[in-house]
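This report refers to the structure that appears directly beneath it.
The values are calculated or read from the model by the stated rules, or taken from the named source; none is laboratory data. It should be emphasised that the depicted structure is a prediction, and the values quoted were computed from it without experimental measurement. For neighbour counting, all protein chains shown are included, and Cβ atoms are generated from backbone atoms with ideal geometry for every residue, glycine included. With ligands, DNA and RNA removed, areas are computed over all heavy atoms of the protein, side chains included. Shrake-Rupley method; radii C 1.70, N 1.55, O 1.52, S 1.80 Å.
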Number of protein chains: 4
Amino acid sequence: MKIGFVGLGAMGEAMAMCLLKAGHELAVYNRSPQKADRLVEEGAQRADSPSEAARGRDIVFSMLLDDDAVASSTFDENGIMDGLSKDAVHVGCSTISHALAIRLRDEHAARGQTYASATVLGRPPAAQAGELFVILAGAAAAREKVRPALDAFSQRIFEVGSDPAHANIVKLSLNFMIFSTIQQMAEVFSINEKAGIEPKAIFEILTNSFYTAPVHRNYGKIMVEKDYDKPGAPMSLGLKDAELFLAAGGDLRVPLPTASLIRDRFLTALAAGDDRRDFSALFEYARRDAGLTD
Amino acid sequence: MKIGFVGLGAMGEAMAMCLLKAGHELAVYNRSPQKADRLVEEGAQRADSPSEAARGRDIVFSMLLDDDAVASSTFDENGIMDGLSKDAVHVGCSTISHALAIRLRDEHAARGQTYASATVLGRPPAAQAGELFVILAGAAAAREKVRPALDAFSQRIFEVGSDPAHANIVKLSLNFMIFSTIQQMAEVFSINEKAGIEPKAIFEILTNSFYTAPVHRNYGKIMVEKDYDKPGAPMSLGLKDAELFLAAGGDLRVPLPTASLIRDRFLTALAAGDDRRDFSALFEYARRDAGLTD
Amino acid sequence: MKIGFVGLGAMGEAMAMCLLKAGHELAVYNRSPQKADRLVEEGAQRADSPSEAARGRDIVFSMLLDDDAVASSTFDENGIMDGLSKDAVHVGCSTISHALAIRLRDEHAARGQTYASATVLGRPPAAQAGELFVILAGAAAAREKVRPALDAFSQRIFEVGSDPAHANIVKLSLNFMIFSTIQQMAEVFSINEKAGIEPKAIFEILTNSFYTAPVHRNYGKIMVEKDYDKPGAPMSLGLKDAELFLAAGGDLRVPLPTASLIRDRFLTALAAGDDRRDFSALFEYARRDAGLTD
Amino acid sequence: MKIGFVGLGAMGEAMAMCLLKAGHELAVYNRSPQKADRLVEEGAQRADSPSEAARGRDIVFSMLLDDDAVASSTFDENGIMDGLSKDAVHVGCSTISHALAIRLRDEHAARGQTYASATVLGRPPAAQAGELFVILAGAAAAREKVRPALDAFSQRIFEVGSDPAHANIVKLSLNFMIFSTIQQMAEVFSINEKAGIEPKAIFEILTNSFYTAPVHRNYGKIMVEKDYDKPGAPMSLGLKDAELFLAAGGDLRVPLPTASLIRDRFLTALAAGDDRRDFSALFEYARRDAGLTD
C-alpha cells in the first residue's frame, strides 16, 4: 500500500521501518527532518509537510508526542487534513486525550474524511521487532483496510469497535494499569523492606506465585535493581498519561481514585527533580515516606 | 512425623488431609468437634483441646480464622503453649496481625519453645490438591524440620528468613496485591463501560497483553461475569485483611495510601450490605460512583 | 474614573452596579446584550464589543465564567487587548487557571499593556452590598490606580504582590478551603448520623466551639438542612474550580491530595446527575457511602 | 459533692484542681503518686487505687491517656468498677475508642452501675482556666447529677443524649476536624509558597475572610511560624486519635477518606522521626512533597 507516516520518534521510526520492510511504499515526515534520514536511506520518500505525507496515500499514520503535536500536524495549514484523500484513512497511534480523539474523529468526518485509532502497547524494542500490541477502533471498512498495514509492526491486534476514541480510552487504561501496579509494588516493597525483608525476596515470591504478568516482572525488576536511569519511560511521561486518564474520567464523569493517588505520587517525584528517571522510581518516594533512607 | 493440627475450617481440613495422606501421624482439634469427623474417619486421632493436639508432637499447625482464635488457642488454658514440647515447633499458618505474630514468636521463646510461620497462598481447592504456595519463616533448624511436612500441601515453599513475623508481612502483602488489583480493574472496567466499551473487551485485552497473571485472570473474570455470589473470599474478609495490612503499616510506620483507599472501598461495600459477596464486587461500587446503573 | 466592564453575570452585574453608584463613568459589555439593560438604564454606556468597552478607559474589568470566555474576550478580534490603552489596566476578576493568568500577564506585557488580577471572594448578595473580599496582585502602580475602583464593591482588599497570577492562586486556594471543609463536615456528619447523633447536634457543637468560621456556619447549615436546591454554587462549578486548583498544582508540581479526593467526590456527585445542586450536597454522597438511606 | 478523680496528667490535674476550687470534696489517684502531690497540698485526699478513689463517691472521673489505661483502671482488680456505688456515676473524660466506650457502658450496666461520658475539648491552659468545652452523654438522671461538677472546668456543656458512646464519637470528630484543617492549610500554604506567596500572606487572607475560626487561627499560626517544638499536641497523639476515628468508622461501617489520608500523612511524619513535634508539622511534609526545601 501507499502509506504516509508522520512522527518519527523512537516508536514512530521503528513502526515506519517495519512498514517499509513489509514492502509498503512509504512517505515520511518529521518536524526535525534528520530523523527521517535512515528511513530515506532504506527507500522511504521524504515529505516536506504532514499534508504531503498524506497526499495520494491509502493510509497515513501519525505517531506523535502529545496533543499539541497531533493537533498541529493534523489541523494546521499543511497538516494531514489538507492532504488526506476521501478514500484514505488517517490512523492515529499517539497517546492523546479522549477529547482530542473525539475532535479528530469529528473534524475528519465533517470534511468527509475517515479517521481511525490504532494505539499501541510496547516500548521501542518491541516496535522494532514488529511485536507491538495494537488497539484498533474505527469504522469497519477502515479497520479492514488498515489491518494489513498494522500487521507489519504488531504481534496482535485487538479491535474495540467503530468509535476511534475507544482505542484511546483503552490505551490510557493500559498505561494506568502499569502505573498503579508500580505503586502497589512500591507500597509492598517498602513495608517489607522496613520490616527487614529484602524487596528482591518479596519480588521473587510475587512473580513465582499469582503475580507473574509482564507488568509485575518487568517493572518489579527495575524497582528491585533501582535501575531507573536507563532510557525508558520517564516520570514526566507518567504524569502526562495519568493526567490524560484522569481527564478522560472528568469528561465521562468517572471518579478514578487510584489514578488520583498516582498523579499525586508522580507530582511528588517530579517536584524532587526526577523528571527523567523511569517512572518505576515511584518506589523511592514510597521508601522516603516510610522513613527508609540510604 | 507426629503432627498436631488445630483449626479445621475449609483450608485447615484440606491441609490436614494432605498431611494424613502423606503418611504423617495426625492429631486434630477443632472447636466445633464435628469438623474433625472426616479426618478421624481417615485415621486422624481426635484431640480434645489445642494442648492435647500439641502434646507429644513434632509439629503442631494452627490454621484459624483470626487473631482472637489464634491467641485463645495458643495462650489460654489448654492452649497449644501448654502442650508443646521444647523440641517441637508450633507452625502458625493463619492470616494474623503483625503484632500477634510478634507476640507468638516472643512468648513461645520466653517459654523455651519454638514458633515458626508458614502462611499460605491459595484457596481451598488448591489446598485439597496440595498446591498451595507457602511462605515459611523461622529459625533455620525449625524451617528444616518443618519443610517435609509442608511439602504435603504445597507446590512451592518460599523461605523468608529467621523471623517468623516476616511470613505474616509477606502474606498480608500478597493479599493486598489481590485487593488493589481488583480496585485497579474496577476503575478501568468502569471508565471503559461508561465510554461504551464492554468490560469483557478490555478484560480480553488486558489478559492477552501485559496483564496475564492469575490475579488478573481470576478476579477479572469474576468481575466481568458479576459472579460474586459463589462462595469465595467475602468482602468482610477483605476488610479484615486490608485492616491487618494497614495495622502492620502503623506498627512499622509505613504509610500505605493504596491500602487506605481500598479499606474505604471495602467499608462502602459493607455499608451497603455486601458482606458475603466476593470482594471483587468492589467493581459494583466503582460502577455506582461512575453513575452506571442497571 | 472611566471604567469598562466586560461580563455581566450575577457577580459582574452587581460589581458593575457598585462602580456606577460610586460615580464612575462606566461602559459595559456582555455577549448576551440584554444583561446590560439594567446598567444602561442606570446610566452606563453600552459597548458593542470588549475592545469598545476597553477603549479610552482607565481601567477595564473582566468578570467571566471560565478560561474560554476570558481568553476569547481578551485575545480575539475586538477583544480587550485591541482596545486597551498603554496607560490603562486590564483587571481580571474571573476565577481562571493559573496558566491563563500567566498568559494574560505575559501577552499584555508583550504589547506594552498592563494586566492586574483582582479576584473576589463572596457570592452575589455580597457583591450587591459592596462587601466582597478582593485579592489584588499586579505592578505597584497598577495596584495603586485600581484600588479606588475596587473600593466600590469590596469590604477589604488584600494585596499579594506584583505578579498578577498570584491573585489567582490565592483565589483557587480559598475555594479549595470551602470544598475541603464541606468534605470534612460531610464525613463528620455521616459518622455521627450513622452512630445515631443528628447532624444538627454535631453542627451546633462545631459552630459553638472551635469551628466558628463562616465557612463552617454557612455550608454546615445548608448540609444540615439539606437545602441544596437554592440557586447557589452548583456542583459543576465546584468540579471546575477543584480542577483549576489541581491544574495549578500540576503546573507548579505540588501534589494536593485532599484536592484530588475532592475532585473524585465531585465527579461521583456529577455522575449521579447532581450538576445543579449546591456543592455542599457532597454530604449526600458521604451518606450514601456510609449506607445511610432515607 | 464527693468526687473521685483518676488520672492526673496535665489535663486531669487541671480539671481536678478546678473541682477542688469549686468546693467539692475530692479523692485523687494517679499511678505515679507524686502527680497527686499538688492536689493533696490543696486539700484533696490521696487514694491508693482507682477503686479507693471511687468508693463512697457520688461521681468518679477518669481522665487517662489511652484505651489500655482506661480499661485497666476500670476493669482490673482494685479498679473503678470495684469501688463504684450503685447510685454513683463513673464519668469517662478520656479520648478512647468507640469500642471501649461501648464496653464501659455495657459492663457498668451489667453490674448495675452507671457510666456517662464527658469528653472535653481544649488544651491544659483552658482546663486550668475552667474553660473547656464538654460533650456530655449518658442517662438523663446521670447527666443531671454530673452537670454541676462539670461546671467547675467548662465554659460550655453540650449534651448529646443518653448513649455515653456518643460523646466519644463527637470528640473523635472534633479532633479530626483539627487534623484535616491542618492538612487543608498545609496544602494551601505549600502551593502558595511554591508559587512565591508567603504562607503568612495567605494565612492573613484566610483568617480575615471566611476562615476565621480558632481552628484556623491557632494551628495556622503555628504552621506559619514553624513553631512546632513547644509542648503541644504531638504527632504521635495525632496518629492515635486519627486511628481511633478510623476505627470508629470501621465499627460503624463508615468510610472516612479524608481521615485515611491524614493517617497516612501522620505515618509519613512519624517515619521521619517527628513523634514529638506538634502535629501541625504535617505542613513540613506537604512542603517536602512539593519540593520545597530549606
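The requirement of being outside any loop (DSSP other than H, G, I, E, B), out of contact with any Cys (no Cβ under 6 Å at 6 or more places or on another chain), more than 14 Å from chain C (Cβ to nearest Cβ) and open to solvent by 10 Å² or more (accessible area, probe 1.4 Å) is fulfilled somewhere in the range D:146-168, by at least one residue.
Being surrounded by fewer than 24 Cβ atoms within 10 Å (Cβ to Cβ) and either at pLDDT 95 or above or closer than 23 Å to B:ALA116 by Cβ (or both) is a property that does not hold for B:ARG57. Selection of the range C:20-37 for residues being in contact with a helix residue (DSSP H, G or I) (Cβ under 7 Å, 6 or more places away or on another chain) and open to solvent by 60 Å² or more (accessible area, probe 1.4 Å) yields only C:LYS35. Applying a threshold of 9 Å to beta carbon distances and a minimum spacing of six or more residues, or different chains, the list of pairs starting in the range C:148-159 at a residue that is at positive phi and ending at one that is at pLDDT 95 or above and surrounded by fewer than 18 Cβ atoms within 10 Å (Cβ to Cβ) is empty. Taking the numbered list (1) in contact with a Gly (Cβ under 9 Å, 6 or more places away or on another chain); (2) under 25 Å from B:GLU25 (Cα atoms); (3) open to solvent by 10 Å² or more (accessible area, probe 1.4 Å) in turn, B:SER62 passes all entries but (3). For the range D:281-293, the criterion of being open to solvent by 10 Å² or more (accessible area, probe 1.4 Å), closer than 23 Å to C:MET185 by Cβ and not aromatic (Phe, Trp, Tyr) is met by at least one residue.
Among the criteria (1) more than 12 Å from chain D (Cβ to nearest Cβ); (2) within 28 Å of B:ASN192 (Cβ to Cβ), the one A:ALA281 does not fulfil is (2).
Out of B:ILE182, B:ILE178, one residue alone is more than 7 Å from chain A (Cβ to nearest Cβ) and touching a Leu at 6+ places or on another chain (Cβ under 8 Å). It is B:ILE182. The residue that is surrounded by the most Cβ atoms within 10 Å (Cβ to Cβ), among those in the range A:121-130 that are among the aliphatic types (A, V, I, L, M) and under 14 Å from the mean Cα position of the chain (by Cα), is A:ALA127.
Taken over the range C:121-145, residues that are away from chain D (no Cβ under 14 Å), on the phi < 0 side of the Ramachandran plot and not in a helix (DSSP H, G or I) amount to 2. Could you please give the count of residues in the range D:9-25 that are free of Cβ contacts under 8 Å to residues at least 40 places away in the same chain and under 22 Å from the mean Cα position of the chain (by Cα)? Of the residues in the range D:9-25, 2 are free of Cβ contacts under 8 Å to residues at least 40 places away in the same chain and under 22 Å from the mean Cα position of the chain (by Cα).
Here A:ALA141 fulfils each of the conditions (1) of a type outside the set (Lys, Arg); (2) over 13 Å from A:MET11 (Cβ atoms); (3) crowded, with 21+ Cβ neighbours inside 10 Å apart from (3). Here C:ALA69 meets the list (1) farther than 30 Å from C:SER173 by Cα; (2) of a type outside the set (Val, Ile, Thr); (3) modelled with pLDDT of 95 or more; (4) not in a strand (DSSP E or B) almost entirely, failing just condition (1).
What do you reckon, is D:ASP48 open to solvent by 70 Å² or more (accessible area, probe 1.4 Å) and assigned to a loop (DSSP other than H, G, I, E, B)? When the stated conditions are applied, D:ASP48 passes them.
Residue by residue, here is whether (1) among the β-branched types (Val, Ile, Thr); (2) over 24 Å from C:PHE179 (Cβ atoms); (3) not assigned by TED's automatic domain parsing to the domain that holds D:LEU132 holds:
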site: D:PHE158; (1), (2), (3): no, yes, no
site: D:LEU174; (1), (2), (3): no, no, yes
site: D:ALA213; (1), (2), (3): no, no, yes
site: D:LYS221; (1), (2), (3): no, no, yes
site: D:LYS226; (1), (2), (3): no, yes, yes
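Please tell me if B:LEU246 is crowded, with 21+ Cβ neighbours inside 10 Å, of a type outside the set (Phe, Trp, Tyr) and in contact (Cβ under 8 Å) with a residue 60 or more places away in the chain. Answer is no for this residue.
Which one is nearest to C:GLU13 (Cα to Cα) among residues in the range C:76-120 that are open to solvent by 60 Å² or more (accessible area, probe 1.4 Å) and outside any loop (DSSP other than H, G, I, E, B)? Per the stated criteria, the residue is C:ASP82.
Within the range C:190-201, the residues that satisfy the criterion of being more than 7 Å from chain D (Cβ to nearest Cβ) and assigned to a helix (DSSP H, G or I) are C:GLU193, C:PRO199, C:LYS200. Of all the listed residues (C:GLU204, C:GLU187), the sole one being buried (at least 20 other Cβ atoms within 10 Å of the Cβ), within 9 Å of chain D (Cβ to nearest Cβ), part of a helix (DSSP H, G or I) and acidic (Asp, Glu) is C:GLU187. The residues of the range B:215-235 that are loosely packed, with under 14 Cβ neighbours inside 10 Å and within 21 Å of the chain's Cα centre (by Cα), listed by number, are B:ASP229, B:LYS230, B:PRO231. From the list D:GLU204, D:GLU144, D:GLU187, the one residue that fits, being in the same structural domain as D:GLN113 (by TED's automatic domain parsing) and of a type in the set (Asp, Glu), is D:GLU144. When A:ILE169 is tested against (1) of a type in the set (A, V, I, L, M, F, W, C); (2) touching a residue at least 60 places away in the same chain (Cβ under 8 Å); (3) under 25 Å from A:ASP294 (Cβ atoms), only condition (3) is not met. Of all residues in the range B:257-273, which are in contact with a helix residue (DSSP H, G or I) (Cβ under 8 Å, 6 or more places away or on another chain), within 10 Å of chain C (Cβ to nearest Cβ) and of a type outside the set (S, T, N, Q)? Residues satisfying the conditions are B:PRO257, B:LEU261, B:ASP264, B:ARG265, B:LEU267, B:ALA269, B:LEU270, B:ALA271, B:ALA272.
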